[in-house]
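**Student:** Below: one structure in C-alpha cells.
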Amino acid sequence: MNNKIKAAVAGAVLASASVANAGITWDAGEWTVDMNGNVNAFAIINDSSDTEMAVGGLANTKSNDDTAASINTGLLPSWLGFTATTRQNDIDTSVTISFQPGASVTGGLGGGGAEEHRQAFLTFGDKSWGSIKVGKDLGIFGSTAILNDMTLLGVGSQGVVGTAGGTTTTLGRIGTGYIYADWNGQIAYTTPNMNGFSLTLGLMQPWNSTSSAAQDSTTAVPTYVSEVSTGSTDQFGFQGQGSYSWTGDFAGKVWAGFFSQEVTGGADEDRAQAFEAGISTSISNINLVAYAYSGEGVGTTALLRDGFSSDGKMRDSDGGYVQATYVIPTGTKLGVSYGISKLDDNAVDAGKALVEENSMLTVGAYHPLTKHLNLVAEYSRVEAEAHDTVSDAESDIFSVGAILFF
C-alpha cells in the first residue's frame, strides 16, 4: 500500500485535526477546509452450511441455500468527511464532521440503504503541550488494532446472522482478534510527540451492557438471550493508550491501552475492564503485526456485548491476532492474518448456546491501480465454536471489489 493510501486510511478511520487527511483542500477566510473520504463496494459470496449458531457467533448461518450473494461496502464504510482548521491566539483549532452512506439494501423501497454519522468533534491545542478533543469520534481502546488490520481495505467477516448484504459495513476482523473501538462521545487529551512516545487519555460516555441472541435461520426467532439488562452508571468510562514509534530500516510501533467502566444492574456491580498490547514492525517490503487483549465484563466483538451472564455475573474474555503482509514488485500487497476472540462462560451458562470463540483466517491481495484506487480480493474462513459443542458454525467468504480514497 503506498503512502497516499496509508494517509487516506488513517484519515478516514482516525480523523484528527492535527494530521492532514490527504483530501481536497481549499482556503476559506481564516480557515483551511479539507474534504476527504472514500467510496468502496464488493461482490461477496458467503458459503455456510449450518442453520443455527451460538449467542455471539460470527459465522453466517444457512438461509434458503448454502450460499448468499451480496453487493456491500467492506469494513470501511463509504465516507465523506469535512475538517476545518485554523490557528488563532497561538492555538490550533479544528472541527470535523463526517457522513457514512450505506451501499446496499436487500429489498425494494429501501431508500438506498442506511446512513451513519460517526464523527462530530472539535480539537484545540499546540504542538508544545498537546491537544484536546471534544465530541464523538473513534474510541481509544482498540483503535490501533483496527488501523493495522489488513481487512480495513476489504471485507473480512460479514457478521450477519442468517443474511448477507443490506448493512453499512462488514466486520473485517472485529470480534475475531480484537474488540471494536466503536464511536464514542469523549473528552480526550493527547500529549505532544516526545521523541516517538505519545499518550492519549479519554473521559468517555458510559455505555449499557448489551446482549446477543441465537437464532434459527428458518424462523429468525431468538432461542437464547445471554444476559439480563445491565445499565451504565453515574460515572464516566475511561480509556487510554500509550505508544512508541521509531523509524529507520527497521521501523515500527508498540502500543498498550486500557478500558474501564463501572457497570450496575447485575449481581456484579463492579468495574468492567480490559487491557491491550500490540506491535507493528516493517523491514523492506514486509510488515508484521501482533496484538492481544484481555478483560472481564467487556464481552466480545463490541465493548460490553455479552460481558455478563443472565444472573448478572461478569464473564472473562481475551483474544488477539497475528498478521504478515508483503509488497511484491508490482506494488500488490499480499497478506495473511489469523485471529481469535474467546469468551468464558459462567455456571448459569452451562449447556447453553453461548459462543466460546470466534476465529478467522484471511488471505488477501490489495493492488494499487492508482495512488488513490485499490483493487481487492479476499478469502476468509470464519468459525464460531459454542460452549455447548452443538451450535458450532463456519463460513467461507469470498470477495472482490474496489476502494477509492480522495
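Each reported figure results from applying straightforward, stated rules to the coordinates on display, with no laboratory input. Predicted model only: the values in this text are computed from it and were never measured. Cβ: placed from backbone, ideal geometry, glycine included. Neighbour counts: every protein chain shown.
**Student:** Once the other residues with Cβ under 9 Å from the Cβ of PHE99 are scored (Lys, Arg +1; Asp, Glu -1), what is the net sum?
**Tutor:** Neighbour charge sum, excluding PHE99 itself: -1.
**Student:** Just rank ASP126, ASP316, fewest to most, by other beta-carbon atoms within 10 angstrom.
**Tutor:** By the 10 Å Cβ count, ascending, the order reads ASP126, ASP316.
**Student:** Compute the length gained on full extension between PHE124 and THR264: take 0.36 nm times their separation in residues and subtract their Cα-Cα distance, giving the result in nm to one decimal.
**Tutor:** Fully extending the segment from PHE124 to THR264 adds 47.0 nm.
**Student:** Would you list ASP349, ASP270, ASP396 from fewest to most Cβ contacts within 10 Å?
**Tutor:** ASP270, ASP396, ASP349
**Student:** Would you work out the relative contact order for the range 321-369, in percent, from Cα pairs under 8 angstrom that are 6 or more residues apart?
**Tutor:** Once divided by the residue count of the range 321-369, the mean separation gives 41 percent.
**Student:** So between PHE398 and LEU334, what do we pick up on full extension, going 0.36 nm a residue minus the alpha carbon distance?
**Tutor:** This chain segment gains 21.5 nm when fully extended.
**Student:** With each pseudo-label sitting 7 Å past Cα toward Cβ, what's the THR32-ASN285 distance in nm, one decimal?
**Tutor:** Calculated label separation equals 3.4 nm.
**Student:** Oh, and also: I need the calculated FRET efficiency for the pair LEU203 and ASP92, taking r as the beta carbon distance and R₀ as 30 Å, to the nearest 0.05.
**Tutor:** Efficiency computed from Cβ-Cβ geometry: 0.90.
**Student:** When Rg is the radius of gyration of the Cα atoms in the range 291-360 and Rh is its Kirkwood radius, what does Rg/Rh come to?
**Tutor:** Over the Cα atoms of the range 291-360, Rg/Rh equals 1.20.
**Student:** Please compute the volume of the convex hull spanned by the alpha-carbon atoms of the range 242-375 and report it per residue in Å³.
**Tutor:** 129 Å³
**Student:** Taking R0 as 45 Å, what FRET efficiency do you get between ASN193 and ALA43 from their Cβ-Cβ distance, rounded to the nearest 0.05?
**Tutor:** Working from the Cβ atoms, E equals 0.60.
**Student:** Report the local net charge at GLY257: Lys and Arg +1, Asp and Glu -1, summed over other residues whose C-beta lies under 15 Å from its C-beta.
**Tutor:** Every neighbour counted, the sum reads -2.
**Student:** For ARG315, ARG381, ARG173, which order do you get if you count the other beta carbons within 10 Å of each Cβ and list the fewest first?
**Tutor:** ARG381, ARG315, ARG173
**Student:** Taking K and R as +1 and D and E as -1, what net charge do the other residues with C-beta under 11 Å from the C-beta of ILE140 add up to?
**Tutor:** With Lys, Arg at +1 and Asp, Glu at -1, the neighbours total -2.
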